[in-house]
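Data block below; observations after.
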Amino acid sequence: MSTLLYFVVMAAAFMGLPYVLHGVHVDGWVPAFVGALILAIVNTVVKPILFVLTLPFTLLTLGLFLLVLNALMLSLTDWLVAGIKLDGFGTTFVAALLLSLVGMVWKGATKEEKKKVA
């Protein structure tokens, strides 16, 4: 159930992006949900491969290249989902930062405490 709620929150974040960034266009709730799902799939399948391939850049930039990698994943999502349009890499970069922030806040707010075994 929490996974479904996560996708709802991310879809709502997709719907809120056009109000914050002028270069983001989302055509409705269906593209927002599809975008959240595709972004999760891209982050699960493609991002680890690109992480390994770009590891030298990531180490050289002390991890800051991961922000660019997040923007590339969002750009790939933009390319795959018909109802989402991002104008330019700068807009994509800021949108990826905002979506990451929403995801981190949601994960932190819904984190379950681990039970200690005595």
Q) At a 1.4 Å probe, what is the % contribution of carbon and sulfur to the accessible area of the chain? A) 73 percent
Q. Based only on Cα atoms, what Rg/Rh ratio does the range 57-118 have, Rh being taken as Kirkwood's radius?
A. 1.16
**Q.** Stretchable slack from Asp87 to Leu4, in nm (0.36 nm times residue separation minus alpha-carbon distance)
**A.** 27.0 nm
Q: Express the accessible area of the chain per residue in Å², computed with a 1.4 Å probe while the remaining protein chains stay in the model.
A: 66 Å²
Q. Cβ under 14 Å from Ser100's Cβ, Ser100 left aside: what net charge do those residues give with Lys, Arg +1 and Asp, Glu -1?
A. +2
Q: Starting from one equal scatterer on each C-alpha and no solvent at all, send me the Debye-based log10 I(q)/I(0) for the chain at q = 0.14 Å⁻¹, two decimals.
A: -0.61
**Q.** Count of lysine pairs in the chain with Cα separation under 25 Å (8 or more residues apart, or interchain)
**A.** 5
Q: Extending each Cα 7 Å along its Cβ direction at Val105 and Thr61, get the distance between those two points in nm, one decimal.
A: 2.5 nm
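The values are calculated or read from the model by the stated rules, or taken from the named source; none is laboratory data. This one's a predicted model, so the numbers in the text were calculated from it and none came from an experiment. Glycine gets a Cβ as well: all are built from the backbone with ideal geometry, and neighbour counts include every protein chain shown. What goes into the accessible areas is simple: the full protein's heavy atoms, side chains included, and nothing from ligands, DNA or RNA. Shrake-Rupley method; radii C 1.70, N 1.55, O 1.52, S 1.80 Å.
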